[in-house]
Each structure stands twice: as structure tokens, then as C-alpha cells.
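So the structure is just underneath, and the comments pick up after that.
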Amino acid sequence: MRLLISVFMALLCSIPVISQQVYSKKQPFAHTYSIVARDTVTGEMGVAVQSHWFSVGSIVTWGQAGVGVVATQSFVNPSFGPRGLSLLENGLTPKMAVETLLKLDEGREVRQLAILDVHGNVEAYTGKNCIEAAGHLVGDNFSVQANLMDKNTVWPAMAEAFKKSTGTLAARMLAAMEAAQNEGGDIRGKQSAAILVVKAKTTGNSWEDKVVDLRVEDSENPLKEMRRLLTIHTAYDFMNKGDLAVEVGNNTLAKEHYMKAQQLNPDNLEMKYWYAVTLANNGELNEAKTIFKNIFKQNSKWKELTPRLIKPKLLTISEAQLQEILKL
């Protein structure tokens, strides 16, 4: 315990005091509602937000695999994101991290902040001068927080929706945000949204540590657009898995993944195309030809691409079979 306190004090002293003007032009007015949460099965951690403010995800949502996630909002102090994650990485609890950040901030009474760590520990704070309706609610492995809301039932509605939801962490957080909007949401309306999900353990490669990183920067209905993007994201996850299966020569598994991708995004020609390629590689040429014919009719460039797949062995069929496809 003494060692932990010593580490805490050392970190506190090492962080420079940043004098913050409460209404500085450098601090965007990201009045909003958000959620930080952890999936108890996968260990993934996420943060999601919606606001009547342009590109809200660029300032509110922060996360690091194996460490935690942060939502910093209201009259935003953006430094709370990277500094909060750094404090967690150095062994502080979310509660200690929040206390440290606020202690050094002159604008603390107009801030709203939530921090969740890799163990699911959460701490949230709502400054007494945040614009009403404002508040937060901390639950098991999550916290919801909101300010400038239409009414004070918004964040409780988020909490209930999250607890009752199923599926991936991203899907559950989106359900919470949709519940907030259905309850009245931001009194000004809606404009942008973001979802960030990071892995429970770092891979050592930052580009592999994000599970979901989606933003709707400017939209009349950002949550509707976010749901569309999340569906496409899931479809492309299956496409990526299919590609990996092709690389190791498992065309049967690739076929399964490509089929799932198509079901989620049935109008996407590329997904249909690679499914047809996999069918051809599996010896199911007649079924593949039916799909190829439909694709080529809509866009002849896919036919032009097809013979180019032979050299890298992405299409492993005979010359005669290739010509059958090209005659479609």
C-alpha cells in the first residue's frame, strides 16, 4: 500500500499543472452523452459518444488496449484522454486517475469525465457547473454520463439499455446511445457519433489493437448512420477472415466467412465477387459462374480483374475454366 501511494505521489508531482481557462476557445464545447464499458467475456473495452457537435469522436473518445478507455466531455479538456490512459498504465486506479486530473484543472467544475480500466473498475465525475440536465451513473463494468440533455432520465435509460442488451460490446454501446436518443438526448439535437473498442491485451502493434474505430463526423441522424457502418464493419470482419482462410488454403472456411459477409451487406459487389472466386477454387464452378455473370453485368471491371488473380494464385482454376468465366 505504501508503495502504491508513493507511486501515486510521484506521478502527481511529475505531471505539469496546466492552467485551464474554463471557456477557452481551445476547448471545444462537446456537450454530449457517452458510455465507457467492458465486455466481461472478451475483456474488450469501449467508449461511445453522440453529440450535437462536429467530429465529437476526435476529442471525447480515448482508448488503449490492455490499459483502459476514457470519455472526456462537456467543456472538454482533451488532455484528460491521453493523460488519463498514461496514469492507468502507470498503475493508478480510475478513481486515483480522475482525482489527479481534476486536481490540476482550474476548469474542473465544467468538466465531465469517465475512466474505465482493464479490470472493469470505473470512476466518473460530473462538475457542478455542467449545463443541465447533467449527471452520470456507474454500473458493473460500465458508466454512462451526459450533460446538456433534454431531461434527467437520459443517462438512466442508457444504463438500462446497456444492461439488457446482448451481442458485441460495440453493438451494446450503440443500443445504449439509441436509448438515450429515444429518451430525448441532447437538447440541441444530434450531429456526430463515435465508437471505439480496444482489445483486452495489447498485441504489441497499435494498428492491431483496435477492434472497432468508427466515426460519423456530420449527419442529420448519426446513430442511424453508425448502425449502418457497424453492420458494414462486421461484414468486412468476415471478409478479412475469409481472406486469411484463403491465404492458408482453407477455401471451405473462406466460403463460410464470405457468405456471412454477404448476408450482412448483400448489395456489395466485391463481397459477392470474392465469394464467387472461392466457389470456383472449391470446384463449384457452375454456382460461381452464375454469380460472376451477375457481377460482370453490373460492372465489367470485375471481369477485367479476374485473369489477374491467376498469377498470385488467388484464383486456382485451369485456363479452360478461366475462359468459361471470361465468356460470361
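Taken together, the values in this text are just the output of simple stated rules run on the coordinates, not laboratory data. For clarity, every value in this text was computed on a predicted model and none was experimentally measured. Here the Cβ positions follow ideal geometry from the backbone for every residue, glycine too, while neighbour counts run over all protein chains shown.
Of note:
- Other residues with beta-carbon under 15 Å from the beta-carbon of residue 285 carry, at +1 per Lys or Arg and -1 per Asp or Glu, a net charge of 0.
- Convex hull volume per residue for the chain, taking Cα atoms only, in Å³: 157
- Residue 58/residue 287 FRET efficiency (R0 41 Å; Cβ-Cβ; nearest 0.05): 0.35
- Computed over segment 91-192, the range of Cα coordinates on each principal axis works out to 36, 32, 21 Å, biggest value leading.
- Three-way shape label, segment 275-328, alpha-carbon gyration tensor, a/c 1.5: oblate
- Taking GluC sites (Glu not before Pro) across segment 244-298, none is in a DSSP loop with at most 13 further Cβ atoms lying within 10 angstrom of its Cβ.
- Summed side-chain charge close to residue 101 - residues other than residue 101 whose Cβ falls under 10 Å, Lys, Arg +1, Asp, Glu -1: +2
- If you plug the beta carbon distance of residue 132 and residue 253 into 1/(1 + (r/R0)^6) with R0 = 45 Å, you get a FRET efficiency near 0.25.
- With the highest mean first, a sort of the peptides 316-323, 32-39, 48-55 on other beta-carbon atoms found within 10 angstrom per residue produces 32-39, 48-55, 316-323.
- In terms of distances greater than 28 angstrom between alpha carbons, the cross-link table entries 241/313; 199/224; 255/301; 190/210; 210/297 yield 210/297.
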